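Read through the structure below, which is laid out as structure tokens, and then see the notes.
Rule-based calculations on the coordinates, nothing more; no lab input. Note that the structure is predicted; figures quoted are calculated from it, not measured. Cβ coordinates were reconstructed from backbone atoms using ideal geometry, including for glycine residues, and neighbour counts include every protein chain displayed.
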Amino acid sequence: MIAIITGDIINSENYPSSQWIDMLKTYFNQFGASPMNWEIYRGDEFQLKVTKQNALFTAIRIKAILKTIKGLDVRMGIGIGLETYIGSGVTESNGPAYQRSGRNFESLKDSKVNLSIATGVAQYDRTLNLMLQLALDFMDDWSVVSAEIVALVLDHPDDSQKEIAQKLGIKQSAVSQRLKRARLDLVLDLLNYYKEIITEI
């Protein structure tokens, strides 16, 4: 069982790709080499293969990366399932994970939702997607500073607020305010719930 994340960058036509593509590639390289583990194609679309346990964390981390640039956002469909054919790259491989991710991604534009997941288990999909829609209500509105602090905390989960403040060159009280504004406590609760659910699939 793997997870495939299919996505595209929202408002990318208003920005030169040099503004965001290197940040994305640097993050994607953590999951292995392109094109076997990830690929950016047609200018602003991408596909990434990750473990099922890390799928939601990775998607939220990608969102935080892109929202550190004012005006950018990302639309992503996550598919969980088997990989039955390995091609010359991630975009040429196949299996239920790929099919679910692709279909899920295609349905997002019509539903005007920026993140959705398909596990193949209807009851889990319904619960997870309802939770995601509620979380997107504030995640879609993350400011640049909110996105920066979310990205930093997700990358350094054991850091204290004092250590995060030092990294950002701000006061600890400002870190606390930014974390509250970003609703990071709810994001972490959602990720913990996802980890519990995904072990049953």
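Give the number of residues within region 177-201 that are under 12 Å from residue 150 (Cα atoms) and part of a helix (DSSP H, G or I).
Selection size over region 177-201: 10.
Of the residues that make up region 171-189, is at least one touching a residue at least 40 places away in the same chain (Cβ under 8 Å) and under 28 Å from residue 1 (Cβ atoms)?
Yes, the conditions are met somewhere in region 171-189.
Going through region 136-147 one residue at a time, which ones are assigned to a helix (DSSP H, G or I) and surrounded by fewer than 18 Cβ atoms within 10 Å (Cβ to Cβ)?
Scanning region 136-147 gives 136, 137, 138, 144, 145.
For residue 152, only one of the following conditions fails: (1) loosely packed, with under 14 Cβ neighbours inside 10 Å; (2) in contact with a helix residue (DSSP H, G or I) (Cβ under 8 Å, 6 or more places away or on another chain); (3) part of a helix (DSSP H, G or I). What is its number?
The number of the failed condition is (1).
I'd like to verify a number: residues in region 30-46 that are over 18 Å from residue 61 (Cβ atoms) and aromatic (Phe, Trp, Tyr), how many?
1
Check 88, 107, 116 and return the single one that is closer than 16 Å to residue 39 by Cα and of a type in the set (S, T, N, Q).
One residue alone meets the criteria, 88.
Would you be able to say whether some residue in region 104-115 is out of contact with any Ser or Thr (no Cβ under 7 Å at 6 or more places or on another chain), surrounded by 14 or more Cβ atoms within 10 Å (Cβ to Cβ) and more than 22 Å from residue 12 (Cβ to Cβ)?
No, that holds for no residue.
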